[in-house]
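**Q** To start, I am sharing the structure in question, which I have written as structure tokens.
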Amino acid sequence: MTNNKELLSWVKKWEDIFKPKNVYWCNGSEEENQDILNYMVGNGSAIKLNEEKRPNSYYFQTDDSDVARVENRTFICSPLEEEAGPTNNWEEPQRMKEKMLKVFSGAMQGRTMYVIPFSMGPLKGDKSYIGIQITDSPYVVIHMRIMTRMGKEALDVLGDNGQFVPCIHSVGRPLKEGEKDVKWPCRPIEEKYICQFPQTKEIWSYGSGYGGNALLGKKCFALRIASVLGKEEGWLAEHMLILSLTNPQGEKKYIAAAFPSACGKTNLAMVIPTIQGWKVETVGDDIAWMRFGKDGKLWAINPENGFFGVVPQTSMDTNPNAFLSIQKNTLFTNVGLTPDKDVWWEGIGYNAPKGTLNWKGELYDENSDEVCAQKNSRFTTPLNECPVIDPLYNSPQGVPISAILFGGRRPTTIPLVYEAKSWNHGVMIGSVIGSETTAAVIGLKQGEVRRDPFAMKPFCGYNMGDYFKHWIDMGKKTQKENLPKIFSVNWFKKDENGNFLWPGYGENSRILAYIFDRCNNKDIAQDSPIGKIPKKGAINIEGLDVKSEDMDKLFEINRTLWKEEIANIEDFYSIFKEHLPEELKIELQEIKDNINKN
Ligand code: OXD
Ligand code: MN
């Protein structure tokens, strides 16, 4: 097992607090995985899917209260509220620990306490970190096995004296002697806690068994805690996909991109180019850890080992590579279940077979308003199931990043693509991305922009204003010519009748190709008041049904709308008070001056 004294005493301490029936150290083997799956099938908490249709795949249903991340129950527990900043929920660490120790006490009675050693990032990679998660959820164990490098090998990397990020998790449902377990043990929403302690780099999670709340390597560690490590150590932990793009001449470049949720990150990460001779391969679809190498370039790894993707609307039309990634060796949660034990969801590309059950296990009626697959239902599948996984996805050094993209859903104002004039200007662009709300979002005026800086609003482990400053400082760590170019992209611009101006999906490869050529400093960009936009004709639209006047609209810079945009950004920036870097004020002022000219 291990001779790591710190780890052994830490596990013993938590065993004494949680009082489990037994303790099990996970080795990550196939045999262990099968044992846990068989146990779950045996107690009714998992269903083995049809081996012919979905080999080695399993199905799970959660409790109604446990279907997504719970942002209002997520806390950054730093000593001072100001350290958590205006975009996070805060609680004083000692007070939170006292509160949580009460609910943790005896929380695993009657259950197994699993100890999960895992590596975020390739094993032995110098950019990787080891974490140890304690959990009473077998569901979490089998998911962590896909999403991280988990088990004996991670423990070996830790060695006798290595450091680890401690991750504590309980679903909070102790079992009395002889009591029958429920299918999905958890606590009601208002009793859940997802806590990060940035100073001590600890994670404590209670009451949820689902996704980012419970798979602690993902959002809690690889983003919230890692963002703090990145700030302290001079690197970046980002909510970004990583893809590679190869041009018809065989030249390859890597691109990282941040988008708020529901903007198609997984789709872009696996996009199939529609332009002849170009190829996209995937390194990751959610998280990037990036630091400057000895060569001065920015190198990125995907710290995860799997995809935890939203299922509805995934089809051979919308995202063939994601669809092909989930044909086998996949865990499905909260989708529909067909009578022959296959899975079904809205937008899969064919009708639900008669007798399909919805995510709650009730007969699905396609004429009712109720969905079959819960909107946030998920697939969990290893990276290497992706048919276009990049050959370097597991490389410990990572991949060199040539461009960083920031995007959001913006029906107006923001052009299809524009380029930052400098690193600091790019940081400004990242700091104000967001999506425009629709009438469906309760409590917000339609057309209001919800800012999600760097798509990190729910995931930054410290004051977002200081995070902006960290980005500014990163730009000083290398020569200018080594810094990735930064671009804003917006696939969602609409015309005055509310129709999308740009077809999106595979056609976005045309924009990627433009970005690629700009990274080679091709003379295809021109100055505009807000940054560099493509020269007329610089985007290849051959074979595309987009009118030339629509192309003009896609790049129109409407001064009235931009004045509103700037006023809105000023409002947004004001929440950061003295934490807002001077550099961002200067960048914003420059755009304001340009827009106000003539
Ligand atoms: C995710 C998210 O699940 O960003 O990746 O919410
Ligand atoms: Mn995400």
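The values are calculated or read from the model by the stated rules, or taken from the named source; none is laboratory data. In this text, all values refer to a predicted model and were calculated from it rather than measured experimentally. Ideal geometry is used to build each Cβ from the backbone, glycine not excepted, and the neighbour counts take in all protein chains shown.
**Q** Kindly indicate whether any position in segment 445-455 is at positive phi, touching a residue at least 60 places away in the same chain (Cβ under 8 Å) and assigned by TED's automatic domain parsing to the domain that holds Ile401.
**A** For segment 445-455, residues at positive phi, touching a residue at least 60 places away in the same chain (Cβ under 8 Å) and assigned by TED's automatic domain parsing to the domain that holds Ile401: present.
**Q** Across segment 251-262, which residue is nearest to ligand 1 (Cβ to nearest atom) among those that are surrounded by fewer than 22 Cβ atoms within 10 Å (Cβ to Cβ) and over 17 Å from Ile401 (Cα atoms)? Give the steps one after another, and end with the answer.
**A** Residues of segment 251-262 surrounded by fewer than 22 Cβ atoms within 10 Å (Cβ to Cβ): 251-253, 261-262.
Applying the additional criterion that residues be over 17 Å from Ile401 (Cα atoms) yields 261-262.
Values: Ser261: 5, Ala262: 9 Å.
Among those residues, the one meeting the criterion is Ser261.
Residues are listed down the side, and each one gets a yes or a no for (1) at pLDDT 95 or above; (2) touching a Gly at 6+ places or on another chain (Cβ under 6 Å):
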site	(1), (2)
Asn424	yes, no
Ala439	no, no
Ile442	no, no
Lys445	no, no
Arg450	no, yes
Ala455	yes, no
Tyr462	yes, no
Trp471	yes, no
Glu481	yes, no
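**Q** OK, next. Evaluate segment 223-236: report whether one residue or more is within 13 Å of ligand 2 (Cβ to nearest atom) and in the same structural domain as Thr135 (by TED's automatic domain parsing). Write out each step before concluding.
**A** Going through segment 223-236, the residues within 13 Å of ligand 2 (Cβ to nearest atom) turn out to be 223-224.
Right, trim to in the same structural domain as Thr135 (by TED's automatic domain parsing) and you get 223-224.
Within segment 223-236, one or more residues are within 13 Å of ligand 2 (Cβ to nearest atom) and in the same structural domain as Thr135 (by TED's automatic domain parsing).
**Q** Just checking, which of Gly349, Gly355 is free of Cβ contacts under 8 Å to residues at least 40 places away in the same chain, in contact with an Asp or Glu (Cβ under 8 Å, 6 or more places away or on another chain), away from ligand 1 (no atom under 16 Å from the Cβ) and on the phi > 0 side of the Ramachandran plot? Explain how you work it out, then say what you get.
**A** Details: Gly355 fails: in contact with an Asp or Glu (Cβ under 8 Å, 6 or more places away or on another chain).
That would be Gly349, the only listed residue that is free of Cβ contacts under 8 Å to residues at least 40 places away in the same chain, in contact with an Asp or Glu (Cβ under 8 Å, 6 or more places away or on another chain), away from ligand 1 (no atom under 16 Å from the Cβ) and on the phi > 0 side of the Ramachandran plot.
**Q** Is it the case, given these coordinates, that Asn334 is within 16 Å of ligand 2 (Cβ to nearest atom) and touching a Phe, Trp or Tyr at 6+ places or on another chain (Cβ under 7 Å)? Break it down stepwise before answering.
**A** Numbers: within 16 Å of ligand 2 (Cβ to nearest atom): no; touching a Phe, Trp or Tyr at 6+ places or on another chain (Cβ under 7 Å): yes.
No, not satisfied.
**Q** Looking at segment 274-295, which of its residues are under 23 Å from the mean Cα position of the chain (by Cα) and either within 16 Å of ligand 1 (Cβ to nearest atom) or within 20 Å of Met316 (Cα to Cα) (or both)? Talk me through it step by step, then tell me what you get.
**A** Filtering segment 274-295 for residues under 23 Å from the mean Cα position of the chain (by Cα) gives 280-292.
Hits for segment 274-295 are Val280, Glu281, Thr282, Val283, Gly284, Asp285, Asp286, Ile287, Ala288, Trp289.
**Q** Still on this structure, I have one more. Determine whether Asn540 is modelled with pLDDT under 95 and not acidic (Asp, Glu).
**A** On the way: modelled with pLDDT under 95: no; not acidic (Asp, Glu): yes.
Judged against the criteria, Asn540 is not a match.
**Q** Next question. Which of (1) touching a Ser or Thr at 6+ places or on another chain (Cβ under 9 Å); (2) in contact (Cβ under 8 Å) with a residue 24 or more places away in the chain is the odd one out, the single condition Trp90 does not satisfy?
**A** It fails just one condition, (2).
**Q** If Trp491 satisfies every condition in (1) surrounded by 14 or more Cβ atoms within 10 Å (Cβ to Cβ); (2) free of Cβ contacts under 8 Å to residues at least 60 places away in the same chain but one, which is the exception?
**A** If we test Trp491 against (1) surrounded by 14 or more Cβ atoms within 10 Å (Cβ to Cβ); (2) free of Cβ contacts under 8 Å to residues at least 60 places away in the same chain, just (2) comes out false.
**Q** So if I check each of Ile539, Ile557, Ile575, Ile530, which one is closer than 26 Å to Asn596 by Cα and in contact with a helix residue (DSSP H, G or I) (Cβ under 7 Å, 6 or more places away or on another chain)?
**A** Ile530
**Q** Are any of the residues in segment 189-205 of a type in the set (Gly, Ala, Ser) and either more than 16 Å from ligand 1 (Cβ to nearest atom) or surrounded by fewer than 23 Cβ atoms within 10 Å (Cβ to Cβ) (or both)? Spell out the reasoning first.
**A** First, pick out the residues of segment 189-205 that are of a type in the set (Gly, Ala, Ser): 205.
Adding the requirement that they be either more than 16 Å from ligand 1 (Cβ to nearest atom) or surrounded by fewer than 23 Cβ atoms within 10 Å (Cβ to Cβ) (or both) leaves none.
There is no residue in segment 189-205 that is of a type in the set (Gly, Ala, Ser) and either more than 16 Å from ligand 1 (Cβ to nearest atom) or surrounded by fewer than 23 Cβ atoms within 10 Å (Cβ to Cβ) (or both).
**Q** Continuing with the same structure: Condition test on Val271, is it in contact with a strand residue (DSSP E or B) (Cβ under 7 Å, 6 or more places away or on another chain), outside any strand (DSSP E or B) and away from ligand 2 (no atom under 16 Å from the Cβ)?
**A** On the way: in contact with a strand residue (DSSP E or B) (Cβ under 7 Å, 6 or more places away or on another chain): yes; outside any strand (DSSP E or B): yes; away from ligand 2 (no atom under 16 Å from the Cβ): yes.
Judged against the criteria, Val271 is a match.
**Q** Here's something else I'd like to know. Which members of segment 366-383 meet the condition of being within 16 Å of ligand 2 (Cβ to nearest atom) and of a type in the set (A, V, I, L, M)?
**A** First, the residues of segment 366-383 that are within 16 Å of ligand 2 (Cβ to nearest atom): 375-381, 383.
The one that is within 16 Å of ligand 2 (Cβ to nearest atom) and of a type in the set (A, V, I, L, M): Leu383.
**Q** Name the single residue that is nearest to Asn490 (Cα to Cα) among those in segment 525-538 being part of a loop (DSSP other than H, G, I, E, B) and in contact (Cβ under 8 Å) with a residue 60 or more places away in the chain.
**A** Ile530
**Q** Considering only segment 558-578, I want to know if a residue exists there that is charged (D, E, K, R), closer than 24 Å to Cys519 by Cα and at pLDDT 95 or above.
**A** Looking for residues that are charged (D, E, K, R), closer than 24 Å to Cys519 by Cα and at pLDDT 95 or above, one finds none in segment 558-578, hence no.
**Q** Continuing with the same structure: With the structure loaded, tell me whether Val23 is of a type in the set (A, V, I, L, M, F, W, C) and assigned to a loop (DSSP other than H, G, I, E, B) or whether it fails that test.
**A** It is false that Val23 is of a type in the set (A, V, I, L, M, F, W, C) and assigned to a loop (DSSP other than H, G, I, E, B).
**Q** OK, next. Of the residues in segment 65-103, how many are part of a helix (DSSP H, G or I) and within 16 Å of ligand 1 (Cβ to nearest atom)?
**A** Of the residues in that region, 3 qualify.
**Q** Here is a further query. Would you confirm whether or not segment 112-121 contains a residue that is over 23 Å from the mean Cα position of the chain (by Cα), surrounded by 21 or more Cβ atoms within 10 Å (Cβ to Cβ) and in a loop (DSSP other than H, G, I, E, B)?
**A** Within segment 112-121, not a single residue is over 23 Å from the mean Cα position of the chain (by Cα), surrounded by 21 or more Cβ atoms within 10 Å (Cβ to Cβ) and in a loop (DSSP other than H, G, I, E, B).
**Q** What tally of residues in segment 297-325 results from selecting those that are part of a loop (DSSP other than H, G, I, E, B), of a type in the set (A, V, I, L, M) and surrounded by fewer than 23 Cβ atoms within 10 Å (Cβ to Cβ)?
**A** 1
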